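The values are calculated or read from the model by the stated rules, or taken from the named source; none is laboratory data. Predicted, not measured: the structure shown is a model, and the values here were computed from it. Virtual Cβ from ideal backbone geometry, glycine too; neighbours counted across all protein chains shown. These accessible areas exclude ligands, DNA and RNA; they are computed on the full protein's heavy atoms, side chains included. Shrake-Rupley method; radii C 1.70, N 1.55, O 1.52, S 1.80 Å.
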Protein chains: 2
Amino acid sequence: MAKQRQRLTDRKSKVTVSDVARLAEVSDSTVSRIMRGQGLVAEATREKVMATVRALGYVPNRIAGSLASLDSRLVGVVIPSLSNIVFPEILQGINAGLAGTNRQSVISVTDYDLDKEEVVVRNLLAWQPAAVLIAGSTHTEATQRMLENSGVRVVEFMEIDHKPIDAAVGFSHVSAGKAAVRHLLGRGYRRFGYVGYGGDKDLRALMRYRGMRYALAEAGLSFEAEVVSEGQTTVAKGRAQTAEICARAPDLDVLTFSNDDMAVGGLFHCMSAGIRVPDDLALFGFNGLDIGRALPQPLSTIRANRFEIGQRAVEACLSSEVRPDQPISIDTGFEIFEGATA
Amino acid sequence: MAKQRQRLTDRKSKVTVSDVARLAEVSDSTVSRIMRGQGLVAEATREKVMATVRALGYVPNRIAGSLASLDSRLVGVVIPSLSNIVFPEILQGINAGLAGTNRQSVISVTDYDLDKEEVVVRNLLAWQPAAVLIAGSTHTEATQRMLENSGVRVVEFMEIDHKPIDAAVGFSHVSAGKAAVRHLLGRGYRRFGYVGYGGDKDLRALMRYRGMRYALAEAGLSFEAEVVSEGQTTVAKGRAQTAEICARAPDLDVLTFSNDDMAVGGLFHCMSAGIRVPDDLALFGFNGLDIGRALPQPLSTIRANRFEIGQRAVEACLSSEVRPDQPISIDTGFEIFEGATA
DNA sequence: AGGTGCAATGATAGCGTTGCCATTACAAGC
DNA sequence: GCTTGTAATGGCAACGCTATCATTGCACCT
């Protein structure tokens, strides 16, 4: 005699396929087929079932569905921050790429912390995603191993300076740093200062910085002053740090910033302090943000197409279920925007 | 004789609890207990099992776990946009509130489109979230019904101008609009212009606008000119639209903007056009963004604590599994930031 | 010796769906 | 009439885990 277990049932009197099937006088299979829009179903049956679906307010349980079909339709996205406008822009590209597919993104934020990234990746993989899109190519050993062993497609976006696990989409930050400095050297600047943030947390900012130093060294130069802060990038920080570097090293030609937010802050300082830009001091940002273009004096900067990075990252992982034989890198490039501040 | 079905097995040679259990010579239950950190387990057993977990690279399948325990540990978050900095800030508050709990957020974006919101909510509910946090209180009828019938906790954040389904966290945008205008009237401004975006999409901007009109009408006044655009808020748009309104109505005292982005653009236009702020023309924004404070001339605006909104929204829905008898509204308030542009 | 209580572990039935057949109904062809 | 083919539907195990008992082993009492 079967013992009747009670379990957590009664919980929320959820409506299930079986409820719908019973009321519509069809089998579970038929309801399932209709809800998924797959397989052959007579029009009359479909209407009858849909009517009861509406009547009962049935919402399919994707958790059960994913378990049964062994496909979660999820794409995990791992980014370091949401407050840096750059990442929301990439997310828009990702969502655009995902639109029309039946895939859905799940976003996790690491706060530029590789240990947090490890936790976040573990949690993500537990949801059996079809693919993982992750910012950057520097991870803890454990993260690296998890991603490799997971078997799912992994696209590392933002940078292509390292060899990817599976695929990478972005551009070379080292090259971008070099390009910025070479451009400024070409315009005659010689006395460089650097204003940055993120310390050793924002690894891409660090790579650009390295590229800049490399290009300076080529010309027998180096940064004559640097002011770097921790934490997130803000206009206010850029302003304060620019004030500081100006006080510390008054004879600089040009300041390069870790990004546009900071550079805009720098410009605001100059406006307030009566420093003429670019005659007294030139400013050069990075990212090509909207705000830089709208300034009274458009900001000189390097522009990268972030929306495209997101979109192509999605394409890269949706193109095939299996990883390529050789890791692939997709270069989305960058361009110098001359502006009026350098 | 049992027929041996093949099914999609072999798929990814996934490691399961049973695999771990067999190798560690314990039962599935014990492995499960250890992975969840619940129930009594001898230290020696734990170590033995964890060793095999590491050896096999076992990652628990949360899909199966959620189905079995009838608890997904997911909190759905629905926001209109990621490019409007305001929402990432709220997300940070939400993540902060979720930290330490075992809950995890899942973010969906609606692009200020109520029909898209409906789709997004349906997809979210299919994942059986423990709660749904959704921006705003205006939804399609179907969305409203789904949320009501889902039985899960629902927190509508950003505004408290409407009666919520379950709970609301935010402030009154109508009051904020009124407060802005009354403040400006108090400072002697009489000839008002409005520069906005979002048309009838951004419903909260619209409510603030209504509040402004109401307060103007109280004083026997109205907007003498308005320039409104579609789409998302940008500094560039603010600049262009300010130029337009200045050309169209040169005698205005003060411009109120739908938000700070637009107002910053307005200030940039004034700088370029040689319009003295606030003597020739005063500017008043909304949101209290970081950039407004860092300007050479701090932007006059209204500040709301968005991080707190996110955090308290989480608190509200985690405090209890069941809805309160009466819908509750939590007012996080706002404050006028005097600044130097009005 | 025989109970008692508790720590530790095991066995198993679901959780709500879907994949994979099997089955039915009915029209067309011989 | 009897296959044969195809559209439509049904039955049921399996997905990987956890909730809920049941059981075992052992120290400690009386």
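In the list B:Ile79, B:Ile63, which residue meets the criterion of being within 9 Å of chain A (Cβ to nearest Cβ) and either open to solvent by less than 10 Å² (accessible area, probe 1.4 Å) or closer than 29 Å to A:Asn84 by Cβ (or both)?
Values: B:Ile79 fails: within 9 Å of chain A (Cβ to nearest Cβ).
Of the residues listed, the single one that is within 9 Å of chain A (Cβ to nearest Cβ) and either open to solvent by less than 10 Å² (accessible area, probe 1.4 Å) or closer than 29 Å to A:Asn84 by Cβ (or both) is B:Ile63.
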Close pairs from region B:89-114: first in a strand (DSSP E or B), partner among the polar types (S, T, N, Q) and open to solvent by 20 Å² or more (accessible area, probe 1.4 Å), Cβ under 7 Å, at least 6 apart: B:Gln104/A:Asn123; B:Ser105/B:Asn95; B:Val109/A:Asn95
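Any chance you could count how many residues in region A:131-175 are among the basic types (Lys, Arg) and crowded, with 22+ Cβ neighbours inside 10 Å? Quick ask: steps written out before the conclusion?
Initially, region A:131-175 is screened for residues among the basic types (Lys, Arg), giving A:145, A:153, A:163.
Now drop any that are not crowded, with 22+ Cβ neighbours inside 10 Å, which leaves A:153.
Result for region A:131-175: 1.
Which one of B:Gly231, B:Gly274, B:Gly198, B:Gly186 is small (Gly, Ala, Ser) and buried (at least 21 other Cβ atoms within 10 Å of the Cβ)?
The match here is B:Gly198.
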Selection count where residues are open to solvent by 40 Å² or more (accessible area, probe 1.4 Å) and farther than 20 Å from A:Lys163 by Cα, scope region A:297-317: 7
Strands (runs of 3 or more DSSP E) wholly inside region A:138-203 containing at least 2 residues that are outside the structural domain of A:Gly265 (by TED's automatic domain parsing): A:153-159, A:167-171
Qualifying residue in region A:256-264 (condition: more than 10 Å from every other protein chain (Cβ to nearest Cβ), among the charged types (D, E, K, R) and crowded, with 21+ Cβ neighbours inside 10 Å): yes
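In the list A:Arg103, A:Arg122, A:Arg46, A:Arg54, which residue meets the criterion of being within 15 Å of DNA strand D (Cβ to nearest atom), within 12 Å of another protein chain (Cβ to nearest Cβ) and open to solvent by 40 Å² or more (accessible area, probe 1.4 Å)?
Values: A:Arg103 fails: within 15 Å of DNA strand D (Cβ to nearest atom); A:Arg46 fails: within 12 Å of another protein chain (Cβ to nearest Cβ); A:Arg54 fails: within 15 Å of DNA strand D (Cβ to nearest atom).
So the residue among A:Arg103, A:Arg122, A:Arg46, A:Arg54 that is within 15 Å of DNA strand D (Cβ to nearest atom), within 12 Å of another protein chain (Cβ to nearest Cβ) and open to solvent by 40 Å² or more (accessible area, probe 1.4 Å) is A:Arg122.
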Tally, over region B:176-213, of residues that are in contact (Cβ under 8 Å) with a residue 40 or more places away in the chain and within 25 Å of B:Thr332 (Cα to Cα): 18
Conditions (1) surrounded by fewer than 21 Cβ atoms within 10 Å (Cβ to Cβ); (2) within 14 Å of chain B (Cβ to nearest Cβ); (3) more than 30 Å from A:Thr138 (Cα to Cα): number failed by A:Arg73: (3)
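Is it the case that A:Ala342 is out of contact with any Gly (no Cβ under 8 Å at 6 or more places or on another chain), surrounded by 24 or more Cβ atoms within 10 Å (Cβ to Cβ) and not assigned by TED's automatic domain parsing to the domain that holds A:Tyr189?
Numbers: out of contact with any Gly (no Cβ under 8 Å at 6 or more places or on another chain): yes; surrounded by 24 or more Cβ atoms within 10 Å (Cβ to Cβ): yes; not assigned by TED's automatic domain parsing to the domain that holds A:Tyr189: yes.
For A:Ala342, the condition - out of contact with any Gly (no Cβ under 8 Å at 6 or more places or on another chain), surrounded by 24 or more Cβ atoms within 10 Å (Cβ to Cβ) and not assigned by TED's automatic domain parsing to the domain that holds A:Tyr189 - is met.
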